[in-house]
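A quick write-up on the structure given underneath.
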């Protein structure tokens with residue numbers, strides 16, 4: 001079956017349909033990772049987005065239960081140059097096509113993803129539609145013009161925990177404010193014997209402090225951080241009372257709570273090969289990233305310092321409070337894009353909680 005991908009700027013790409021049939025729209029973005037399509041498809045941070053993989057092959061290792069971040073997929077579409085229908089992995093429980101069909105995600109393959117990535121890089125992320133039912137690009141372009149702006153949409157409530165739950169542990173109790181947390185964050189804390197209490201993003205400061213936790217993690221999540229003002233207010237109230245560590249969207253929420261501003265990047269950082277420099281140690285790490293917004297360096301208050309920088313564009317990748325045990329990073333330290341060098345950040349946080 002043929003499929004059409006139409007972008008807001010009028011670009012049209014024809015390909016083959018796979019996964020679910022039908023029509024889906026979202027913000028089109030590209031990811032430069034060579035592996036990790038399972039984690040990408042199940043990462044709640046991609047909610048509302050059509051993801052283009054720049055690496056030409058996807059699906060060669062199938063799908064296995066140990067390489068997913070959530071049981072559901074939150075992407076609006078998946079775009080690849082070539083999909084593998086016969087995965088060769090002893091852990092595989094099914095193919096990429098079968099997974100997308102089961103999760104009702106529309107996919108398109110056999111198109112020029114290099115050309116597509118160049119359009120996004122040059123013109124920025126934009127709205128797009130994948131369709132297996134409409135063959136006229138002009139009709140799809142008219143539909144796009146009537147779609148809402150994705151920047152103003154609140155995706156966090158769609159992907160975050162709705163109620164409190166606990167993962168037992170013998171060590172310090174850590175509260176994770178869930179903006180769309182990956183399960184690997186909880187796993188890293190559990191490996192360090194922490195008792196993990198996951199709370200919804202709407203939890204108040206009173207709710208969180210009432211848990212008698214030794215520290216707080218602000219998780220990753222989708223969308224614009226200004227769309228969760230309730231969480232920003234909560235973090236303002238708990239800042240300085242407990243150790244805090246933010247990741248991804250949690251990093252941005254922390255920045256807003258401390259008085260900084262955020263802005264949207266042209267095409268974002270998505271991939272597993274982004275170089276980040278730790279300004280304190282001078283070390284450079286290759287990191288896993290997925291975000292479209294960053295903290296404005298010039299807006300940081302005097303009591304907050306930049307701890308990490310992105311070496312591709314010098315954007316803020318980490319901040320640290322000069323007085324309180326508060327820090328955050330824009331990248332995903334548990335992402336482990338080959339090396340696991342950034343896992344030490346969890347050790348540092350847990351040490352502060354002990």
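Every read-out reported here was derived from the displayed coordinates using simple, explicitly stated rules and does not represent laboratory data. Not measured: the values here are computed from a predicted model. Glycine gets a Cβ as well: all are built from the backbone with ideal geometry, and neighbour counts include every protein chain shown.
A few comments on the model shown:
- Percentage of interatomic Cα-Cα distances in segment 220-259 larger than 12 Å: 52 percent
- In terms of other Cβ atoms within 10 Å, 1, 34 run from fewest to most in the order 1, 34.
- Remark: 4, 147 ranked as 147, 4, counting other beta-carbon atoms within 10 Å and listing the fewest first.
- Build a GNM of the chain with springs between Cα atoms under 10 Å apart, and of 172, 44, 333 the one that fluctuates most is 172.
- Most to least packed among 83-95, 119-131 [average Cβ atoms within 10 Å]: 119-131, 83-95
- Within the listed set 235, 106, 12, the Gaussian network model of the chain (springs between alpha-carbon atoms below 10 Å) gives the highest mean-square fluctuation for 12.
- For the chain, calculated [θ]222 nm from helices alone, where every DSSP H run of n ≥ 4 adds -39500 (n - 2.57): -6000 deg cm²/dmol
- Separation of segment 73-145 from segment 155-197 is 31 Å, based on Cα centroids.
- When 181, 354 are sorted by how many other C-beta atoms sit within 10 angstrom of their C-beta, beginning with the fewest, the order is 354, 181.
- The alpha carbons of the chain stretch over 58, 45, 39 Å along the principal axes, in descending order.
- Taking the chain and dividing mean pair separation by its residue count, relative contact order in percent (alpha carbons under 8 Å, at least six apart): 15 percent
- Choice from 77, 259, 215 showing the highest fluctuation, given a GNM over the chain with Cα pairs closer than 10 Å: 259
- Distance from segment 216-273 to segment 276-304 (C-alpha centre basis), Å: 13 Å
- Global form of segment 2-151, assessed from the alpha-carbon gyration tensor, a/c cut-off 1.5: prolate
- Of all DSSP-defined beta bridges confined to segment 2-151, some 60% are antiparallel rather than parallel.
- Cα gyration tensor shape for segment 156-353, rounded if a/c is under 1.5, else prolate or oblate: rounded
- Take every Cα pair under 8 Å whose residues are at least 6 apart in sequence, average their separation, divide by the length of segment 156-353, and the relative contact order is 19 percent.
- Each Cα pair under 8 Å and six or more residues apart adds its sequence gap; the mean of these over the residue count of segment 2-151 is a relative contact order of 36 percent.
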